[in-house]
Amino acid sequence: MIAASAFAQSIEFSPEERARILSHGPWPAVHELDSSNRVDGNPIAIELGRKLFSDHRLSASSKRSCASCHDPKRAFQDGLRSTRHQRNTPTLLDVGQQRWFGWDGATDSLWAASLAPLAAKSELAATPAHIAALLRRDRTLNVAYTALFGEATADAANETILVNIAKTLAAFQATLVSPRTPFDEFRDALAQNDSAAIAKYPSAAQRGLKTFVGEGKCFFCHSGPAFTNGEFADVGRPFFTKSGADPGRWGGLQQLFTSPYNRLGQYADGGAQSAVATKHVIQEPRNFGEFKVPSLRGLLGTAPYFHDGSARRIEDVVQHYSTVDESRLHADGEKIVRALRLTPAQARDLTAFLKSLSGASSRKSK
Ligand code: HEC
Ligand code: HEC
């Protein structure tokens, strides 16, 4: 029976575990069009956004573009420990699946999240007048812009042009989807009870998956096809920076409420319907030091990890959850995160599972 030993042994999953595993798919997931952005899904907007994304002329210095930090060759991130506000540059793959943007959720739409770096001094440092002038000057850009929004006449408000440009950048980013992974093959095989296909998924990854949907409780926060519930939590990472403490979600909400570009403001399309989440979100003391639950897809291509890029390898993240200092965690609410005290073998299995959430392209680069 030499052939049989070449296959991984299938691990037993309870009906509950099985249901949880199936809930992490199918992949790719559908992108629901953003009703606050009337050009989301529009091919002309996607193409214009694609061009502008790597256009250095958008920046005040003409030296920087979005792609400088969100490098398309590096899964739309930069591999650096931290950049803006000492935070790690997130990948933009699957960003169309999210509800809040930035590690602190300071913005509630992809277009507002794209507008912020245009203006930020530490990023493109562009004024609305700078962007509007470029648009009026460049014929190709101008033709596409006019087809989408009408003419950018001399008296059209610069501010409106800036917002519209951000909306085309968002339309482009919403098309960035990470590839299918070994986990997805396994998940679909499980759904179809295809035991030959099930057995192709390494048993180490299967055991790690069992921890993920079982006693590790990872799936509570890293849920659904994109492995995030889209919310914010404190998992015990330090939030002190060189310039003080990073308030995380607490500060993000403050910015969200006061921004003229949120979904309740005049620049959002789609009306009240599209602003329900923004209207009802409230700021609570527990938000201090909370960060967004990141997607876990494509991890092999997006090191380092955590909001401040403080974990260099996936192994270091697993080590964190294994030994987390529980006294550092918020006392209020249900404590989900606990030091798992994994054995070295269990830690290896959980790591193997996390690595199986990357598709072929990000595996190659490692
Ligand atoms: C100097 C590096 C840098 C540049 C340039 C830059 N970004 Fe970012 N980007 C970041 C960092 C760092 C974050 C995380 C910020 C935070 O959490 O506060 C981020 C976050 C984002 C997010 C939120 C992603 C998520 O998962 O929540 C989007 C969208 C985004 N950037 C788009 C853009 C666009 C569009 C441009 C060009 C107009 C751009 N960025 C330019 C570094 C950069
Ligand atoms: C209470 C919610 C919660 C639970 C439970 C949880 N996580 Fe997380 N996870 C987060 C948050 C929030 C972050 C970002 C924290 C930060 O950057 O400070 C994160 C970050 C990560 C990262 C880094 C991803 C990146 O791109 O930076 C990985 C990997 C990860 N978690 C895996 C796991 C695993 C494995 C488990 C189970 C052992 C788990 N998580 C349990 C909320 C959770």
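Summary of computed values
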quantity	calculated
The range 7-82-the range 206-256 distance, computed between alpha-carbon centres (Å)	18 Å
DSSP-assigned coil residues among GluC sites (Glu not before Pro) in the range 289-344, each with at most 14 further Cβ atoms within 10 Å	334
Segment residue 125-residue 276, length gained on full extension (0.36 nm per residue, minus Cα span)	51.2 nm
Anchor residue 63: lysines whose Cα lies under 23 Å away (excluding residues fewer than 8 positions away in-chain)	51, 73, 121, 167
Only Lys, Arg (+1) and Asp, Glu (-1) charged, at Cβ; the chain dipole about Cα centre in debye	1040 debye
Average accessible surface area per residue within the range 68-126, 1.4 Å rolling probe, Å²	41 Å²
Student exercise, the range 181-303 dipole from Lys, Arg, Asp, Glu Cβ charges, in Debye to nearest 20	220 debye
Selected from 324, 299, 230, residue furthest toward positive end of dipole (the range 205-335; charges at beta carbon)	299
Net charge of neighbours whose Cβ lies under 13 Å from the Cβ of residue 242, counting Lys and Arg as +1 and Asp and Glu as -1	0
Using a Förster distance of 51 Å, the FRET efficiency for residue 80-residue 151 (Cβ separation, nearest 0.05)	0.80
Contact order normalised by residue count of the chain, Cα under 8 Å, 6+ apart, percent	24 percent
MRE, 222 nm, helices only [DSSP H, n ≥ 4, -39500 (n - 2.57), over the chain, to nearest 500]	-11000 deg cm²/dmol
log10 of Debye I(q)/I(0), alpha-carbon scatterers only, for the range 173-279 at 0.17 Å⁻¹	-1.02
Extension gain from residue 310 to residue 325, taking 0.36 nm per residue of separation minus the Cα-Cα distance	3.8 nm
Of all accessible heavy-atom area on the chain, the percent that carbon and sulfur account for (1.4 Å)	55 percent
Accessible solvent surface per residue of the range 239-278, calculated while the other protein chains remain in place, 1.4 angstrom probe, Å²	55 Å²
Scattering profile of the chain at q = 0.06, 0.08 Å⁻¹ [log10 I(q)/I(0), Debye over alpha-carbon scatterers]	-0.25, -0.43
Convex hull of the range 301-343 built on C-alpha atoms - directionally averaged projected area, nm²	3.8 nm²
Proximal lysines relative to residue 210, as straight alpha-carbon distance under 22 Å, when same-chain residues fewer than 8 apart are discounted	200, 335, 355
Alpha-carbon Debye profile of the range 13-102, log10 I(q)/I(0) at 0.13 Å⁻¹	-0.64
Taking the C-alpha atoms of the range 268-339, convex hull volume expressed per residue in Å³	154 Å³
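The values are calculated or read from the model by the stated rules, or taken from the named source; none is laboratory data. Since the structure is predicted, the reported quantities are computational estimates derived from the model, not experimental observations. All Cβ positions, glycine included, derive from the backbone under ideal geometry; neighbour counts span all protein chains shown. Each accessible area value is taken on the protein alone, full model and side chains, heavy atoms only, with ligands, DNA and RNA left out. Shrake-Rupley method; radii C 1.70, N 1.55, O 1.52, S 1.80 Å.
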